[in-house]
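In what follows, a structure is listed as structure tokens, so that the remarks can point back to it.
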Amino acid sequence: MLGVAVAAMALIADVPDVKAQTFPSRSITMLVGYSAGGQADALARILGKQLGENLKTSVVIENKTGANGMIAAQAAARSEPDGHTILMVTDAMVTIDPHLATSNHFDLSTAMEPVVSVSWAPLLLAAANNVPANSVAELVALGKQKTQNLSFGSSGSSTPHRLAGEMLQKYGGFTMTHIPYKGTSASVNDLLGGQIPLLFGAPTAVEPLATAGKIKILGVTSEKRYPLLPNVPAISETFPGFKIISYIGLMLPKNTPAPVIATVNKEVNAVLATDAMRAWLDKQGMVAVGGTPDDFKRQIAADYQARGELVRALGITAE
């Protein structure tokens, strides 16, 4: 009987190895918590196609919208930890949403394993042409004069866009009124229409308007200058340490065998290294990242702490 028990325990212990050795044994599902046609969805589809070719299987993109991506996240967390269900995550899902007080509280960091950071993009601080400031320093000086009430638009109350505005106030020692919108398009329209003087927005939404001379860009929120707009100063050049970027990555359920995580990581890195993928990301205003699972884990951990402190200090709640 003892021999039978030992053999059974050995079989159980070998289950992760079997999963790793047979991966992939069927098609892979990539869950996206946002609607079809959006940036995350578009990235998932081009990445999934090339990843499937590398792994010699099909990658099916499944959109599970709702709760800021948490519907997809919970579905991924409940899936078999064998590598065949991949979750595409945004920075907000892993560093902001877990801190929001909701009845449907769910923390991705305890349910999923980071696999790889796919891409990043900064936010751009844009101003209406009639704002009497052409740099971050001039904007801060304007804010401190209090000769006019400054406000800034964002794509929502619990977004990196809003946090960027709050951080700028903290670093600069002045105040602005936050005006949340349901998405970037509405805030851009109001900036053009003169309803708001400032906003933080994605490069793809803001840069074309600046090129056309309809608005101006005062700075980027990345730690260093944005490679796609090298002539635009980073806000950190005025306030060292200022950094808030948007990024997209991939995660797998907890207890996924390490060799499976390593395989997915390796193949995604291979896709990101191709000229075709980098060119596509450039057109979307994104920069390829790649790296190890630990690199992505450290990035999430640092932002989780910093953004959590800001969320709690501001009393930000779920929208």
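The values are calculated or read from the model by the stated rules, or taken from the named source; none is laboratory data. These numbers come from a predicted model, not from an experiment. Every residue, glycine as well, gets a Cβ built from its backbone with ideal geometry; the counts of neighbours run over all protein chains shown. Accessible surface is based on the protein model in full, side chains and every heavy atom, while ligands, DNA and RNA are left aside. Shrake-Rupley method; radii C 1.70, N 1.55, O 1.52, S 1.80 Å.
Heavy atoms only, probe 1.4 angstrom, no DNA, RNA or ligands counted: give me 278, 78, 162 ranked by accessible area, highest first.
Working: 278 105, 78 175, 162 35 Å².
Ranked from most to least accessible, the order is 78, 278, 162.
Near residue 223, within a Cβ-to-Cβ distance under 13 Å, what is the net charge of the other residues, with Lys and Arg +1 and Asp and Glu -1?
Net of charged neighbours comes to +1.
In a shell of Cβ-Cβ distance under 12 Å around residue 308, excluding residue 308 itself, what net charge do Lys and Arg (+1) and Asp and Glu (-1) give? Working shown, then result.
On the way: positive: 307, 312; negative: 97, 107, 303, 309.
Computed value for this residue: -2.
Report the relative contact order of the chain, percent, no decimals, based on alpha-carbon pairs under 8 angstrom and at least 6 residues apart.
Values: 596 pairs, mean separation 82.5, N = 319.
It comes to 26 percent, rounded to a whole number.
So if I place +1 on the C-beta of Lys and Arg and -1 on the C-beta of Asp and Glu, and nothing else carries charge, what would the dipole magnitude of region 190-319 be about its Cα centre? I want it in debye, nearest 20.
Approximately 80 debye in magnitude.
Where Lys and Arg each count +1 and Asp and Glu each count -1, what net charge lies around residue 248 among other residues with Cβ under 14 Å from its Cβ?
Values: positive: 45; negative: 41, 91, 303.
Charge balance in the 14 Å sphere: -2.
Can you tell which of 188, 169, 245 lies farthest toward the positive end of the dipole of region 152-264, using +1 and -1 charges on the Cβ of basic and acidic side chains (Lys, Arg; Asp, Glu)?
Of the options given, the answer is 245.
By what distance, in whole Å, do the Cα atoms of the chain stretch along each of the three principal axes, largest value first?
Rounded to whole Å, the extents work out to 85, 40, 32 Å.
Can you give the charge dipole size of the chain about its Cα centre, rounded to the nearest 20 debye, using +1 on the beta carbon of Lys and Arg and -1 on the beta carbon of Asp and Glu? Could you put the intermediate results ahead of the total?
Details: 25 positive and 25 negative charges, 109 e Å.
The dipole magnitude comes to about 520 debye.
Taking only protein heavy atoms into account and a 1.4 Å probe, give the accessible area per residue of region 111-261 in Å². Please list the in-between numbers first.
Values: 5950 Å² over 151 residues.
Spelled out: the 1.4 Å probe surface of region 111-261, per residue, equals 39 Å².
Got a sec? What order do 274, 95, 90 fall in by accessible area at 1.4 Å, biggest, i.e. largest, first? Don't jump to the answer; show the numbers that get you there.
Working: 274 50, 95 0, 90 25 Å².
These residues rank, largest area first, as 274, 90, 95.
What order, most packed first, do the peptides 233-240, 112-119 have when packing is the mean number of other Cβ atoms within 10 Å of each residue? List each step's numbers first, then the result.
On the way: 233-240: 18.6, 112-119: 24.0.
In decreasing order of mean packing, 233-240, 112-119 become 112-119, 233-240.
Which entries of 170/216; 64/266; 170/243 show an alpha-carbon separation above 20 angstrom in the structure shown?
Working: 170/216 23 Å; 64/266 26 Å; 170/243 13 Å.
Over 20 Å Cα-Cα: 170/216; 64/266.
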